[in-house]
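Below: one structure, written as structure tokens.
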Amino acid sequence: MRRFPTSGGKTVTITQASARSADEAETERLRAVARYAILDSPADAAFDRIARVAARAFAAPMATISFVDRDRIWFKAAHGFDDLREVDRRAGFSSATILEDRPYVIHDAARDPRTAHNAFVHGALGIRFYAGAPIVTSDGHRIGAVNVLDTRARRCTDRELHTLTDLADLVMDHLDLRLAAGWTGGTGPAAPGTSTEDATTVADYVEALQRALLPPSLPKIPGLSTAVHYHPASAARVGGDFYDVFALDDDRWAFFLGDVEGHGTAAAAVTSLVRYTLRAAALHYDNPTDGLDELNRVLVLDPNQRRFCTVLFGTLTTRPHAGGHHIRLATGGHLPALLLDPATGRVRPVRPERGMFVGAVPDATFGECAFTLRPGQTLLLFTDGITEARPTGSGCFGEEALRRYLTHRVHLGASDLIDDLAALVPTLRPDDDIALLALTADD
């Protein structure tokens, strides 16, 4: 039999057969850690920022980003600590977090039998509260955690834990981007002289990375039909367009669509940051313009991400039996959404009167508008790849041509409309990525 230590000072005993299985799993996990070459790497402002956001989300004094090595826990970021770099694996809370598929929480570490005898609880740090979300690779290995710690016992909300999980996903996105940049030099799928097998591997990796930056599917929303389409300009290039739809509570949802300046892994890093910043902001602010303010601060203050983006960011309150759904829509310099109304046969732009690029200047201002999406109506959000396409080689397709095209399709619901546009896009010969998101209020 084998005995494995836990962070609480106790041991778990397992049989010889299962010990072999555990050893094999741990070997594979350590290979995954090594694959990302993150251990003992220099400080990185992107990871420091994520730790700060985690601490702020919980109103806690301390937060860390940790990676679990064979015998130690190494910290890539440690907010609220003085010169904390690593601890013994048996003592750190992250050693328990990587055993879980969901956030690991200790409300009162002094009373919890898992940690009652831990040195960090009774030592100078006096830790009483801990919450950690595992950092999970695409192939399922839990290599570390995003952690929040406090010196007082406390409870936490599901919303806070969801934010922590989003931040752990953001860390994983950054690791994948670092790995992709290391393989390709940040310039393309393969350098001259690279083997065909390597080039294929990198192309597959870029495709997987792009999928990781976009939600794999849209959620089911009562009384609403949704559909999305993403057209990459190049299969070998990670794009900067993004979108998302997610729940805020039982009857409120958030959605956004936008475009980061540029392409490649540098733009993808910002895309990842934008997506998870907006997700976290939507959970903290009722007003979508406040969410854009938060995103603007994050982009402007980050010395490593000097890029801006355009974005439409909205919230939707479902009212399937009250004549439609209430939408609040804020803009950060993006093209207007289009409202397709089968009752009038019209397509009209929907956008607040003002709204600057996000991340361009510190004092950017953003506006919002509110309206009801009535039964049968469809709201279409799109990126400029479709309007700036040049189907004849000269002259853009343009917003007016898009509206004329849609006027003959106002009766289509979200799914049929997106299918129709997906068929149109290749004929426009676009040289930029295109993202399309449609929301239709059910009749």
> Using the Cα gyration tensor of segment 2-162, with a ≥ b ≥ c the square roots of its eigenvalues, what is the shape: rounded (a/c below 1.5), prolate (a/b larger than b/c) or oblate (neither)?
Replying inline: oblate
>> I need 75, 120 ordered by Cβ neighbour count within 10 Å, fewest first.
In response: 120, 75
> Looking at 393, 267, 277, which one has the Cα that reaches farthest to the positive end of the dipole of segment 213-441 (charges on Cβ: Lys, Arg +1; Asp, Glu -1)?
Replying inline: 393
> Fewest first, what order do 294, 160 take by the number of other Cβ atoms within 10 Å?
Replying inline: 294, 160
>> From the phi angles alone, apply the Karplus equation (6.51, -1.76, 1.60; θ = phi - 60°) to segment 378-391 and give each ³J(HN,Hα) in whole Hz, x where the residue is Gly or Pro.
In response: 10, 9, 10, 10, 8, 9, 6, x, 7, 7, 9, 5, 10, x
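On a full-extension model of 0.36 nm per residue, what is the gain between residue 400 and residue 252, subtracting their alpha-carbon distance, rounded to one decimal in nm? Show your work: numbers first, answer last.
On the way: separation 148, 0.36 × 148 = 53.28 nm, distance 3.23 nm.
Result: 50.0 nm gained on full extension.
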> Given the Cα-Cα distance of residue 27 and residue 429 and 0.36 nm per residue of separation, how much length would full extension add, in nm?
Replying inline: 140.0 nm
> Under a 5 Å amide H to amide H cut-off, with H placed in plane at 1.01 Å, what residues pair with residue 377 once short-range neighbours are removed?
Replying inline: 441
> Along segment 91-100, what does the Karplus equation 6.51 cos²θ - 1.76 cosθ + 1.60 (θ = phi - 60°) give for ³J(HN,Hα), rounded to whole Hz, x for Gly and Pro?
Replying inline: 9, x, 5, 5, 5, 7, 4, 6, 8, 10
>> Just to be sure I understand the model, the point goes 7 Å from the Cα along the line to the Cβ. What's the resulting residue 125 to residue 390 distance in nm?
In response: 5.8
> Points 7 angstrom from Cα along the Cβ direction at residue 107 and residue 88: gap in nanometres?
Replying inline: 3.0
> What residues have an amide H closer than 5 Å to that of residue 350, excluding those fewer than 5 places away on the same chain, when H is modeled at 1.01 Å from N in the peptide plane?
Replying inline: 337, 338, 339
>> Residue by residue through segment 406-414, what is 3J(HN,Hα) from phi via Karplus (6.51 cos²θ - 1.76 cosθ + 1.60, θ = phi - 60°)? Round to whole Hz and write x for glycine and proline.
In response: 6, 4, 8, 10, 5, 7, 6, x, 4
> So, in nm, how far is label residue 165 from label residue 261 when the simple model puts each one 7 Å beyond its Cα toward the Cβ?
Replying inline: 3.5
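Each reported figure results from applying straightforward, stated rules to the coordinates on display, with no laboratory input. Everything quoted here is computed from the prediction, not taken from an experiment. Methodologically, a virtual Cβ is constructed for each residue, glycine included, from the backbone with ideal geometry; neighbour enumeration extends over all protein chains shown.
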